[in-house]
Structure formats: C-alpha cells, structure tokens
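Here the structure is laid out as structure tokens; the discussion comes afterwards.
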Amino acid sequence: MTIADHHPTPDANDEDSAKRALAGAPPLLPVMAATGEGAWVTDVEGRRYLDLTADPALTFGHRHPALLAVATEQLGRLTSTSTVVADDRADGFADALAALLGAEAVLPATTGRDALRAAVDLTLAARERTAVVVAAGSHPDLTAAGAVVVPFGEIDALVAALDDTVAAVVLEPVQAAAGVIGAPAGYLEAARQATADRGIALILDETRSGLGRLGDTVALAGTGAAPDLRVIGPALGGGIVPVAAVVGSRTLLGEAADPASVSPLASAIAHRVVEMLEAGEVQNRARALAEHLAGRIEALAGAGAVAVRTAGVWAGVDVDPTVVTAAEVARRLVARGVLVDVVGDATIVLVPPLVTRATELDWAIEQLRVVLAA
C-alpha cells in the first residue's frame, strides 16, 4: 500500500483542493484524525497512530482524563464572561501559577504569540528603550520588526550587543524552529547575569519547552537566576482550550493597561494543569522518559541519520536531504503508524506527549530506523 493509497491529502494545486472552502495549504501528513486518547490518534478509517507531533498544547496528551473532568465540570457552570466583570476562576489560577513558578505576577493570554508580544511591549515601555535582542534561528516576528540578532549560544556576541538602547533579550531554552537546538551549558545563566548587570530584562520564551518538557517545570528552576519574565504557553490549556501567560516581575506586568483575562473555562483547566505540575510526578516522568529517549534514539546517528539531538522529551533527527527529505521520511512513517513533524528539508522532529510509554517510544524509534535504512 502506498502513502497515496493510505490516505490521500489533496494537492494544493489540484481541482479538488481548489473547490475546498477551507483556505490554506493542506497539512504535511496524509492523515485525517478523528479521535485521540493519550499519545494516540485514530483517523476517519479507524487506523491508529502514535502521535509524536505534539504541539505544546498536547504536552499531556489527547483528552487527559483529569483535564477532561475539570473541563466538563466547568462547562456546567460558566464558560465565558464579559470583560467588565470578574470570574471566580481567574484569581485561583493566577495565584497557583505564580506560586509554582516563584513569580510575583501573572498576565494570562490566549496564545503564546499574544503573551510574547505583551512581554516585549511592556518591557519596552517600562525600560523606555527601543531595542530588543534575539538569537538567530528564533522569533522571526521580532526579527522582522527590527530586533538585533546574535548567534545562539555565544555569550560574548550577546554581551557585545547589549548597549544602552536595549530593553530586553528574548531567548528560548531550546530553539524549536532551528530543529531542537538546546542552549549550551551555562549560557542562560550567563545571559541572566549580563542582562541584570546592565538593567536589561531577560525574557525566556518557554512556550514550547516549558511546563515539564525538559524535565523541570521551567528553565533555570532553582538556580537563583530566574528571568524577569517567562512566557509559557499552550500546555496550560491541556490540549482543550488555548491558554498562555507571562509570569514574572510585578514591576513589568503591572504596567498592563487592560485587565488580564482568559475565559473561566480556560482558567479552570489551566489551574488543574498547575496542580498536576505541583505534585512533581509529571516532571519525574519526563526526566525518566528523556533519559530513555536519548539512550534509544542516539543509535540512529550514522544509521540513516547524520545527526541526532535530544532536549528532554524532544528530539531532532537530521537526514541528508539529497538522499531523502525529512518530509518524505515523515510520510513513510505514516504507513507504519507513527506521526512526526519536520523542520525544513533535513530535520525530523519527535515531540512525544509526556504520557507516552517507554515501550511506545521504542516501537516508534524502531519504525524510524527501518524507514531510514530503506
């Protein structure tokens, strides 16, 4: 059975695609998902796939029972309010999140992009400066808006860019869009020190790496080197509703002009996510799963893959695109019941939900090994 036979996706240029009401290009993989549970999705024809494409929203998998329970309960109470009144879920969520992360204040937002934009805008206004520094390979929106770009992981280059026009430095602990590139040891701590010495805000964008993905709740946890602001994202919504937040300095977040709010439904689910993280079991499981993933997937280097990187429960597998593209590998894996994502032509990305079993990861990596060896 060919990939086309398995589940054809309309070509963006064919006649059927031209008749679709849904605008935009078709998805990468020829799968039409119908249901999901845990780390698995089932398509409209009843085929099951291990879903290693986890958007940050799916950190806790599909339809996590604890999160479904609180969502169902809240659906029977209140789902939305106008902005002129408060709801009885917002304060509890904000207080719990601030306590979990050792923050002074919380500014909820609907999306990670909204949260990052708010963090940058508030910092520019508070510092009364005009420049933002970002690392190459991340934050194209900020780069397009004129941000200063420095090489990721090179502290000397970062320090050299910190003149008296800079209000903030925005960094990711792991660069997702660059293909799962983790910050070198000591880099974030050195960036924290350099920015603090110059009165510049450090903003960590943890919308993809935060809330357990790397084994800790957030980056720099317990180091005494907390950033001024953290941006955390879709995992708060448990794969059910969009929720993000900026957490950190009350001095910076207190300048928000409008009351921060998300729906009562979103606040209820996010509060339950925080409670799950408070217990520490999520992080313990992630650390064990990360060690298991690294031990298994590194064997692919030199066996069809030209390089392999892991960062917590997250992996980037590079291929030689002159031999086979990452997209072609991803499509071949569909026929073997595994869903993965790609970055560019050369990198296959595995982002398992934290509820994935070690045996499931072993099976998926074996499917990838077979495809790479073909």
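Values in this text are rule-based calculations from the coordinates and carry no lab data. What you see is a predicted model, and the numbers here were worked out from it, not measured in a lab. Quick reminder, even Gly has a Cβ in these numbers, built from the backbone with ideal geometry, and neighbours come from all protein chains shown.
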Normalised convex hull volume, the chain, alpha-carbon set, Å³ per residue: 157 Å³
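So what's the back-of-envelope 222 nm ellipticity for the chain, counting only DSSP H runs of four-plus at -39500 (n - 2.57) apiece and dividing by all residues, rounded to 500?
Value at 222 nm, helices only, nearest 500: -10500 deg cm²/dmol.
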The chain: relative contact order as a whole-number percent, Cα under 8 Å and 6+ apart: 23 percent
Ranked by how many other beta carbons lie within 10 Å on average, peptides 330-340, 22-32 from highest: 330-340, 22-32
At least 20 Å along the helix axis (C-alpha) and Kyte average at least 1.6, DSSP helices within the chain: none
Positive-pole candidate from Ala145, Gly312, Leu97, dipole of the chain, charges at beta carbon: Gly312
The chain - share of DSSP beta bridges that are antiparallel (%, nearest 5): 60 percent
Highest-fluctuation residue, Ala183, Ala21, Ala109 considered, GNM on the chain with Cα pairs under 10 Å: Ala21
By average C-beta atoms within 10 angstrom, highest first, the peptides 128-134, 83-89, 229-235: 229-235, 128-134, 83-89
Separation between Cα centres of region 109-138 and region 228-242, rounded to whole Å: 16 Å
Peptides ranked, highest mean first, by Cβ atoms within 10 Å: ranges 34-40, 247-253: 247-253, 34-40
Check: region 255-328 dipole with +1 on Lys, Arg Cβ and -1 on Asp, Glu Cβ, in debye: 260 debye
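Considering Cα pairs under 8 angstrom that are at least six residues apart, work out the relative contact order of region 65-281 and quote it in whole percent.
It rounds to 32 percent for region 65-281.
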Considering only region 65-281, percent of DSSP beta bridges that pair antiparallel, nearest 5: 40 percent
